[in-house]
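Contents: one structure, followed by commentary.
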Amino acid sequence: MPEGVGRGATRAPLRVGRAVSYVVLTVGALLMVAPFLWQFLTSVKSLRESTVAPPVIWPSTWHWENYARIFDVLPVETMAVNSVLALILRVTGQVLVASLAAYCFARLRFPFQRALLTLFLATLMVPPQLFIIPQYEVIRDLGWLNTIQALAVPGIFSSFGMFILYQFMRALPVELDEAARLDGANPWQIYRRVILPLCLPALAAVVIMTSLFSWNDLLWPLVINTDPSRMTLPVGLATLQGAQGTDYPVLMAGSLLAILPMVVIFVLLQKQFIRGIAMSGSK
Amino acid sequence: MSAIRTPGGSPVRRRPSGDGRWAAILLAVPLLGLVVFYLWPLLRTIILSVSTGNPFLGYEITGFDNWVQVLTGDELPRALLNTLVYAAVVLLGVPLAMITAVLLHQRGLRFRGLYRVLYFLPVVTMPAAVAMVWRYIYNGDFGLLNEVFAAVGLPTTAWVADPRTALFAVAVVGIWMGLGTNLIILAAGLEAIPDSVTEAAMLDGAGPVRRFASITAPLLSPSVFLVSVLSVIGSLQMFDLLFVMLGRTNPALADSKTIVYLFYEEAFVRSDRPLGAVIAIVTLVVTLIVTAIQFRLQRRWVHYA
Amino acid sequence: MKWKALTLSGALAVGLLAGCTSPDAGGDDAGSGDGEQIELDFAIFSPDQEPAIQAVVDAFEDENPNITVNLQVIPWVDYWNTLLTTSAGGTGPDVAWMLGAKLGPYLEGGALLPLDDTIADAGIDVAGYPEPLVALYQRDDVTYALPKDFDTIGLWYNKALFDEAGLEYPNPDWTWDDVISNAQALTDPAADVYGIGAPLDPQATYYNTIYQAGGEVISADGTTSGYDDPASIEGIAYWTDMINEYGVSPDLQSFADTESVAQFMSGRLAMLYTGSFYAVRFASDEYASANFDVTELPAGPVSDVTVINGLGNVAFAGSEHPEEAAQLAVFLSSPEASQIQSDSGAVIGSYQDTQQAWVDAFPQFNVQVFLDMVDSSVVFPTSNNTEAWASRESELLTPAWTGEQTVEEAAGNLADAMNEALAAEQG
């Protein structure tokens, strides 16, 4: 955005205000990041330095090998592949399911619409722990235990994506559908060719948030996948927390490595992400 | 944004009615998932809540004894209160996010992308690892926070082990973890306010504070509402942070237990699934009521342009 | 277009899925031997013990070439939850680690295989295990697990802090009074040093002293709480007095912030009642290895008993190969397995005369005391549904530790809650 639009006599106070803004934002950012710095420092400490009281802030020697040890104690490659596959499947499925549902509720008119919409949205209020046992039983009865698809559902059917996309779609002008209908398009074609291509920003938001949910999920993968070859990253990291003592440096190193891909996804998609939420949020 | 408003009030009004068949086709898969993974488990939970038995031998419907036991016990009211207090404290993160969003929204601000990434970082993180870090910071004997507070003459304590402070200390971490999401949604809301509106106010001689109070805040209120609703729903589901930060033998646990924590204890530690099922349903009902109240109240303060 | 990329990745994922087969499909493969090849899943929770357990599993596979064992390490934080859910759902492991306190729902549900015949077939003399631990896994004279290892509690102390204070090290003749008087002499608030740690930890602290005072946690028939017994109250007050009366231990908040073992290892506590299971951690730490040692628990008013506990290996009735699962469970606790585990130094093997290797692994500590104390040990108290009351212990005893309630009040409340839970068990 070009600078200087609408600036006039208020130049001096603006400059002071700007300086204050930078200070406040930077202090805030430091507070947000400080625990990660601590996490990083812990990840290069020796085991003793990580648990000693009072805590050592600066490691006396830098144990970079903690990062290498992750790969010794855990099958990182397998875990990463499982996490990525589960993520791709869950994100793809969620985008499909959520956009279909959102389209129906935002652009079509049918019986019981309001009741159904409420039902879908109500599932947002279910804490994930609550239904874990009955959901596990469903997966078991499907014969899906220890599979990648078991990791992805029930997340695929979360109403989160529908909520975002519904808000976005209902803000699109009605004329789009009408014009397409006059051209003889049916609702499926309108969804595919007209509405969906316009929803890319909102889809970016759904992709980011669903990726996050999938990547960090712990409780669910634990119950449905006990086969070590189907272990995901958070499960592997959790095995490092023992009944008697935890190897904190390795745990911290592992969790830092594990969040990197998510940070990259956010950095790459953040503009889309914000635009997606902005347009769905603008009513 | 009008979060959950009726389709009748939506902009799509002049369509031919009778999309029923198409809706049935397109909604088939989402609806199937909803039934299989949410409604069916809900039904199972409801049945379980009036049953007794053993996880291996199965359960039989025996009546409302479990409900009587949970509703007359002293653990549930306490956990409910703790949960609501927690949710209320975490809600303070919304004004914080608003201030940050407004500061970040200033035109010509440098490093905006960088700031956004830094503020979003806690959202990305794995709670178990970061909760450990916060435990260090809160440590009563040699924690960073006590050192800072002692230096400036503020009171010190064992923040997550003191029953008076533990819930609030955890809530601060909740705010920290949620700030990024709130910020992004509010930033998006600000972006959607047309520049022409604020510029017009500026030409009328309105200062920054008045501009914020009379223009930005009302136009932003739908986003603030969304953020508040999501924050409260998230708070009512809080479990991980408490579990990792307090541990099992903490003198503050009784005064900090949330409903989902109680559910975990009953269903997974004591293996009493019927009692867990009762708590699960109570949790859902409470969330529904609190959310409904928020939607009621929104009429008073949320302005849809 | 981005959308195309998305559908493409979707197609990719679906393609990959087609390649994923359902679980447990390995049973039909023809084995190298004459019989059919059998796969068994075996769940444990300790990554530290994994190498030793893998060695035991290898030995089992050598003896039984037609059986393949998949060792699964489930994270400790969710081990019991996962085990209960999956085994109740019929998809759990064939064999798993079990604790006496967790046994209840499994026994009640008939989920475990009786092992007596398999034990007899293997020619194992049950008298070689610590007797109370064998009983821990028996109900109505049926054995559901043999102990694979055991742990007892000792009085660990920091020699350097005793030297500084000019005090003699603790010896096996010590009584409670010796502990208190020495702890007072060792406590130095200026140096932030405490004589002893008094955490609210059943196995390491107050269970031991309840029995040493002549009290009990639960009646012998498992139907009533012993918490309101004056002797039990005395056993608890021993610890709460250390904090609230003598000020020789940090308070409960401090232990919630920093676990007692970490405080001990940092040189803040001169003494700590804790288990043999920490020998490995102390030995691998330079400071602890050089300065720590251990002796038998000091005698209370009635005795100097220690609580003994140990993991067992159970086989599940739902296993597709119950016979082999029972064989594996028994082998994992056999004298041979006991020897392999002791050799690893990670835990004390449960079988007599296999433990010397474990003692030898820690020449710097007098860990022989952990074996000597077995003869005067009481088993970790359990009932049919232990967690129903054990999960309330720390919450209801906390007010006694913080001084908000007298020990009589807190223990009385706990006894009430426990009796209620025990009555529900019977009902």
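Of note:
- Here the accessible area is traced with a 1.4 Å probe on the protein chains. For the range C:165-286, carbon and sulfur cover 45 percent of it.
- For A:LYS271, the aspartates and glutamates whose Cα falls under 19 Å of its own Cα, not counting residues fewer than eight places away in the same chain, are B:GLU191, B:ASP195.
- Taken per residue, the accessible surface of the range B:67-301 reaches 38 Å², heavy atoms only and a 1.4 Å probe.
- Chain C, relative contact order [Cα under 8 Å, separation at least 6], %: 23
- The 1.4 Å probe gives accessible areas that order C:LYS159, A:LYS45, largest first, as C:LYS159, A:LYS45.
- Ranked order, C:ASP375, C:ASP251 - accessible area, probe 1.4 Å, largest first: C:ASP375, C:ASP251
- Environment charge of A:PRO221, counting only residues whose C-beta is closer than 15 Å and scoring Lys/Arg +1, Asp/Glu -1: -1
- The simple spin-label model puts a point 7 Å past each Cα toward its Cβ; for B:SER214 and C:GLU420 those points are separated by 6.1 nm.
- Nonlocal amide H pairs with C:ILE348, under 5 Å, H built at 1.01 Å: C:PHE150
- Point-charge dipole on Cβ atoms (K/R +1, D/E -1) for the protein assembly as shown, about Cα centre, debye to 20: 10020
- Relative contact order %, the range C:378-427, counting alpha carbon pairs below 8 Å whose residues are six or more apart: 41
- Span-like helix criteria (full DSSP H runs; alpha carbon extent of at least 27 Å along the helix axis; mean Kyte-Doolittle hydropathy of at least 0.5) are satisfied in chain A by A:11-43, A:76-107, A:248-281.
- Annotation: the antiparallel percentage among DSSP beta bridges lying fully within the protein assembly as shown is about 65.
- Nonpolar atom fraction for chain A, defined as the carbon and sulfur part of the 1.4 Å probe accessible area, stands at 69 percent.
- Per residue, the accessible area of the range A:67-281 comes to 33 Å² when a 1.4 Å probe rolls over the protein heavy atoms.
- Shielding of B:215-225 by partner chains, average beta-carbon count, 10 Å: 1
- Spherically averaged projected area in nm², based on the convex hull that wraps the Cα atoms of the range B:67-301: 15.7
- 3J(HN,Hα) couplings calculated from phi for the range C:130-137 with the Karplus curve 6.51 cos²θ - 1.76 cosθ + 1.60 (θ = phi - 60°) are, in sequence order, x, 4, x, 6, 5, 5, 4, 9 Hz; Gly and Pro show x.
- Three-way shape label, chain A, alpha-carbon gyration tensor, a/c 1.5: oblate
- Positive-end ranking of B:LEU34, B:SER256, B:PHE239 along the dipole of chain B, with charges on Cβ about the Cα centre, is headed by B:LEU34.
- For C:VAL378, the amide hydrogen comes within under 5 Å of the amide hydrogens of C:THR306, C:VAL307, C:ILE308, counting only partners 5 or more places away or on other chains and with H modelled in the peptide plane.
- Carbon + sulfur, % of accessible area of the range B:67-301 - ligands and nucleic acids excluded, 1.4 Å: 68
- A dipole drawn for the protein assembly as shown from +1 and -1 charges on Cβ atoms has a positive end, and of C:LEU107, A:GLN272, A:GLY184 the residue lying farthest that way is A:GLY184.
- For the pair A and B, total buried accessible area rounded to nearest 100 Å², probe 1.4 Å: 9300
- Pairing chain C with chain A buries about 3300 Å² of accessible area. This figure sums both sides and uses a 1.4 Å probe.
- Inter-chain Cβ neighbour average for residues B:156-168, partner chain, 10 Å: 2
- Counting Cβ atoms of other protein chains within 10 Å of each Cβ in B:256-269 and taking the mean gives 3.
- In the context of the full set of protein chains, the range C:126-188 has a per residue accessible area of 40 Å² (1.4 Å probe).
- Averaging the Cα positions of each part gives two centres, and for the range A:76-139 and the range C:57-94 these lie 31 Å apart.
- Close amide H contacts of C:THR274 (hydrogens built in the peptide plane, cut-off under 5 Å, sequence separation of 5 or more or a different chain): C:GLY154, C:TRP156.
- Surface listing: C:GLU286, C:GLU234 arranged by accessible area from highest to lowest gives C:GLU286, C:GLU234, probe 1.4 Å.
- Selection among C:PHE362, C:GLY89, C:ALA59 by position relative to the dipole of chain C gives C:GLY89 as farthest towards the positive end (Cβ unit charges, Cα centre).
- Packing order of peptides A:28-35, C:168-175, highest average first: A:28-35, C:168-175 (average count of other Cβ atoms within 10 Å over each peptide's residues).
- A Cβ-based charge dipole, computed about the Cα centre of chain C with Lys and Arg at +1 and Asp and Glu at -1, lands at about 1320 debye.
- Expected 222 nm ellipticity per residue - DSSP helices of 4 or more, -39500 (n - 2.57), all of chain A, to 500: -21000 deg cm²/dmol
- Heavy-atom accessible area buried between chains C and B is around 2500 Å² (1.4 Å probe, both sides summed).
- Per-residue SASA entry for B:MET202, accessible area with 1.4 Å probe, Å² rounded to 10: 70
- Cross-link partners of C:LYS159 among aspartates and glutamates, defined as those whose alpha carbon lies under 19 angstrom from its own and excluding same-chain residues fewer than eight positions apart: C:GLU168, C:ASP173, C:ASP178, C:ASP188, C:ASP192, C:ASP285, C:GLU286, C:ASP293, C:GLU296.
The values are calculated or read from the model by the stated rules, or taken from the named source; none is laboratory data. Model, not experiment: these values are computed from the prediction. Here the Cβ is made from the backbone with ideal geometry for all residues, glycine too, and neighbour counts use every protein chain on show. Surface accessibility is based on the protein's heavy atoms, side chains included, excluding ligands, DNA and RNA. Shrake-Rupley method; radii C 1.70, N 1.55, O 1.52, S 1.80 Å.
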